[in-house]
Amino acid sequence: MKTSIQYIVAIFAMALTFVSCSNDDETTVNELDGITKFKEITNDTHTIELYSQMGSLEQGYNAISLRIKENGTNNYIKNAEVSWAPLMHMTSMTHSCPYSSVEKVTENGTLYEGYIMFQMAQNTTEYWDLKIDYTINGVDYTATEVIDVPASTKRKVNTFMGSDGTKYLVALIEPTTPKVAVNDMKVGVWKMQSMMNFPVVDGYIVKIDPRMPSMGNHSSPNNVHATQTLAGGLYDGKLSLTMTGYWKINLQLVDAEGTIIKGEEITETVTASSIFFEIEF
């Protein structure tokens, strides 16, 4: 009888171990749903895996996820404090771009996430690198490597001097998969305080006027200008696309006092704004 009980206890323990391992594997798989690894950055201790929805980066807004793997054990770190710093190396200067803090996605997971908005693309002589600093159990680590940031095929970011003498950056975030419908629209607005500091602009309005240049420059109904819900956040609006094809999303950036900082209203004689996004689907 004693042997039978010991056998049952051993089987039960094995079952618990199997369930625990399966749940860990399932958590890892679920964490990576919808994102693809596009880069590994390594140092002597760790490998940092970078992920995005499209499996690459491009000029404009990029949501980026990362995991930190211990080289000796292949275990993923769950308790790191992470920050990053993108840097553009030009022939005459270096500068950064708008980017967020890096936050843990779930308490028990291995994934961290944030965004970087690259206002310009790489070329044959100028390039971006990404420095990642992180702390694990009170020990500081760092890793830096060149990253690929090709030009976007359509215009997704505008960089311009406003009428108030401030340099602004306005980027299209959503929709990434536009439909013939009233689409949720998300826009980012930042200003350049210095070559390394690009804070979010609060309390402005991004007015939108979508037009189809090949179809008599017609517009669409039920659009909603993009506004902020929370200070420090992105801007949300509604974008109506009534048919497939090429759309120019004409923009006007308006400050909290109602002053137009940049952009023109579309009329019979003014067919396009000086700031705009492009969508084709």
* Asked: Under a GNM of the chain (C-alpha, springs under 10 Å), which listed residue has the highest mean-square fluctuation: Gly162, Gly245, Gly203?
  -> Gly245
* Mean Cβ neighbour count within 10 Å, used as a protection proxy, ranking 132-143, 79-90 highest first -> 79-90, 132-143
* Structure fact -> Env charge @ Asn123, Cβ radius under 15 Å, K,R +1 / D,E -1, value -4
* Asked: So how tilted is helix 2-31 from the main axis of the chain? Cα-based, degrees 0 to 90, rounded to 10.
  -> 20 degrees
* To do: Provide the solvent-accessible area of Phe160, counting protein heavy atoms only and rolling a 1.4 Å probe, rounded to the nearest 10 Å².
  => 20 Å²
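Can you give the extra length, in nm with one decimal, that the chain gains between Val182 and Ala63 once fully stretched, where that is 0.36 nm per residue apart less the Cα-Cα distance? Walk me through the intermediate numbers first.
On the way: separation 119, 0.36 × 119 = 42.84 nm, distance 2.30 nm.
Separation in residues times 0.36 nm, less the Cα-Cα distance, equals 40.5 nm.
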* Measure out, as a whole number of angstrom, how far apart the alpha-carbon centroids of region 263-280 and region 182-230 sit. => 12 Å
* Structure fact -> GNM on the chain, Cα springs under 10 Å; top mean-square fluctuation among Met185, Met215, Met117 goes to Met215
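Among 253-259, 67-73, 169-175, 95-101, how do they line up by average Cβ neighbours within 10 Å per residue, starting with the highest?
Details: 253-259: 13.4, 67-73: 15.0, 169-175: 21.4, 95-101: 18.1.
Order by mean packing, descending: 169-175, 95-101, 67-73, 253-259.
Anything over 27 Å Cα to Cα? Flag those among Lys39/Lys191; Lys78/Lys179; Lys37/Lys156, in the order listed. Don't jump to the answer; show the numbers that get you there.
On the way: Lys39/Lys191 29 Å; Lys78/Lys179 38 Å; Lys37/Lys156 23 Å.
In this structure, Lys39/Lys191; Lys78/Lys179 exceed 27 Å between Cα atoms.
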* Structure fact -> SASA check, Arg155, accessible area w/ 1.4 Å probe, all protein chains in place, rounded to nearest 10 Å², comes out at 80 Å²
* Which of these, Met192, Met93, Met212, has the largest mean-square fluctuation under a Gaussian network model of the chain (Cα springs below 10 Å)? -> Met93
* Mind listing the phi-derived Karplus ³J(HN,Hα) values for region 96-102, rounded to whole Hz, using 6.51, -1.76 and 1.60 with θ = phi - 60°, and x for any glycine or proline? -> 9, 7, x, 7, 9, 6, 9
* Structure fact -> Residue separation between Ala85 and Lys154 times 0.36 nm, minus their alpha-carbon distance, gives in nm 22.3 nm
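Want the number for Glu70 to Asp44: 0.36 nm per residue separation, take away the alpha-carbon distance, what's left?
Numbers: separation 26, 0.36 × 26 = 9.36 nm, distance 0.95 nm.
Difference between extended and current length: 8.4 nm.
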* To do: Report the normalised scattering of the chain as log10 I(q)/I(0) at q = 0.09, 0.16 Å⁻¹, calculated by the Debye formula with identical scatterers on the alpha carbons.
  => -0.53, -1.27
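Add -39500 (n - 2.57) for each DSSP H run of 4 or more in the chain, then divide by its residues: what number comes out at 222 nm, to the nearest 500 deg cm²/dmol? Walk me through the numbers before you get to the answer.
Numbers: 1 runs with 30 residues, N = 281.
Using -39500 (n - 2.57) per qualifying helix, the result is -4000 deg cm²/dmol.
The values are calculated or read from the model by the stated rules, or taken from the named source; none is laboratory data. This one's a predicted model, so the numbers in the text were calculated from it and none came from an experiment. Cβ coordinates were reconstructed from backbone atoms using ideal geometry, including for glycine residues, and neighbour counts include every protein chain displayed. Accessible surface areas use protein heavy atoms only, side chains included; no ligands, DNA or RNA. Shrake-Rupley method; radii C 1.70, N 1.55, O 1.52, S 1.80 Å.
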